[in-house]
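What follows is one structure encoded as structure tokens, with my remarks underneath.
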Amino acid sequence: MLTNITRILKSKAGLAIIALSVVVLLAAAGLPLNTYRPGWEISTELVAMQLNIPSGAIVKTYPPTANIQDDFDQATWGLPDIKATAGDVRELQPPMPYEPLQRDLGKFKYVVTYHEYAFDVQIRTLASAQINNDNPDRNNAPLGTLYWEHETSLPASYACFYGQGGTSIGRAFDGGVFARFSCLPWGILDYGPVPENYTFNGYYLGVMNAKIESYAWGKVADIESTAKEWVRNVESVGSPLNMYSDDGTYARKYTEVPWDPTKVFDPDIKSVVIVYVPFNLEAGAYHYYSVNNYCYNGAITELKPVDVFLTYTIRMETLVVKQFEQRDPGAPPNPSPIENPEDYVAYNGVSFWDQYGFAIIVIVIFGVILFFAAIIVVGPVLLMLLLGVRMCERSKGVKWKWL
């Protein structure tokens, strides 16, 4: 085995292969990593975070992503790291749903339906705390005192028998995150059946409003707090949130959905919006004073951050417009089978017997009946009359000859 490896290393082809492999590895390691946006038709993603300061606001933008974590100042003290997460979209069932509206314009039919969607945005602190005896402010502390750098609400970096001090302490993060809510339809027929004799062309989702559906907040872990944490500037349930156009200010804008908004919608109603979610968080702390170590009595020998979180559920009120185009009904989807044939018979006209035969038969039968009735009724009278005439003739000497 070693002999084969040695031969490969000594050959020019082996050295060329090794060199090429090294180049490929270095090139692959240097390739930039791009965030892949969520693939759902209706999706959310975070695009920016804002820090409010007395002089204005500082906004940082990010590639669209489901998670953001950032620190707006030095890593070990001051503002805590903030982690924000956007959840997937789910559909809500409104308590009083609106009936669909229909409108016909020429050969097009438009059906407008009301839908509510919801997604979560969670914000939490990731405060740090560590000892740094090389901090320049350490010189203001008595010799041997532990000097802490932290991002919590504890108002001191060190403590001693005569008091506490230090400036490398934490402060609250007052700001917000920007979440993008988007509907980029693929043209899938997922909003009900198509009316008869119409073809589904597509649909458009217009965002009408963004409101707070609910919220929850608390400590990330159940740790005792000696320096209290807080969650402030929480929006009330039902409060509308500020919405901004997806114009590329915070992230690369999406391509507009091809639609004619002049038919049904106001052109200002968009299918992609940026929603601003505010928050004000301060991480608490648990700290322990040792009476035996450093600086006589009261030195801080243990400091643990107590992180907090805030979770908003945001309700998006939307109108969905479906467009259908009228079409020729054409042949029925299930044609009838071939019927049995019927032969053609020529028409030769009506004969005399066909026309009067039945009447003649009736007359003959009626005549025969009358004849026999007459014989039965009139016959005896005639017979007696003839006998009377014969008797008279005999009395006169007339002789009869019977035929």
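The values are calculated or read from the model by the stated rules, or taken from the named source; none is laboratory data. What you see is a predicted model, and the numbers here were worked out from it, not measured in a lab. A quick note on method: Cβ atoms are made from the backbone with ideal geometry, for glycine too, and the neighbour counts reach across all protein chains shown.
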Looking for something in contact with a strand residue (DSSP E or B) (Cβ under 7 Å, 6 or more places away or on another chain) and closer than 29 Å to G248 by Cβ - is there at least one such residue anywhere in region 141-162?
no
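Results for (1) of a type in the set (D, E); (2) farther than 30 Å from E149 by Cα, shown as yes or no for each residue.
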| residue | (1), (2) |
| --- | --- |
| M49 | no, no |
| P54 | no, no |
| I58 | no, no |
| Q69 | no, no |
| T85 | no, no |
| P94 | no, yes |
| Y114 | no, yes |
| D120 | yes, yes |
Failed item in (1) farther than 23 Å from E213 by Cα; (2) buried (at least 16 other Cβ atoms within 10 Å of the Cβ); (3) at pLDDT below 90, with P136 passing the rest
(2)
Counting only residues in region 139-161 that are outside any strand (DSSP E or B) and of a type in the set (A, V, I, L, M, F, W, C), the one surrounded by the fewest Cβ atoms within 10 Å (Cβ to Cβ) is identified as L143
Give region 74-86 a look and list any residue that's surrounded by fewer than 17 Cβ atoms within 10 Å (Cβ to Cβ) and either more than 12 Å from S168 (Cα to Cα) or touching a Gly at 6+ places or on another chain (Cβ under 6 Å) (or both), or say none.
K83
Is there any pair linking a residue in region 217-234 that is within 16 Å of T311 (Cα to Cα) and in a loop (DSSP other than H, G, I, E, B) to one that is aromatic (F, W, Y) and modelled with pLDDT of 95 or more, with Cβ under 9 Å and at least six apart or on different chains, and which?
V220/F309; N233/F279; V234/Y215; V234/W217; V234/F279; V234/Y312
Within region 164-174, is even one residue under 30 Å from G248 (Cβ atoms) and in a strand (DSSP E or B)?
yes
Is there a residue in region 115-128 that is assigned to a strand (DSSP E or B), among the hydrophobic types (A, V, I, L, M, F, W, C), within 23 Å of P195 (Cβ to Cβ) and touching a residue at least 24 places away in the same chain (Cβ under 8 Å)?
no
Scope region 195-223; condition modelled with pLDDT of 95 or more and hydrophobic (A, V, I, L, M, F, W, C); matching residues
A210, I212, A216, W217, V220
Looking at region 103-111, is at least one residue basic (K, R), closer than 30 Å to Q326 by Cα, in contact (Cβ under 8 Å) with a residue 24 or more places away in the chain and part of a strand (DSSP E or B)?
yes
Hey, L33 hits all of (1) assigned to a loop (DSSP other than H, G, I, E, B); (2) modelled with pLDDT of 55 or more but one; which does it fall short on?
(2)
Quick check: anything in region 277-292 closer than 30 Å to G106 by Cβ and modelled with pLDDT of 80 or more?
no
Residues being assigned to a strand (DSSP E or B) and of a type in the set (A, V, I, L, M) - total across region 56-89
7
Complete set of residues in region 235-252 that are closer than 17 Å to M208 by Cα and among the polar types (S, T, N, Q)
S239, N242, S245
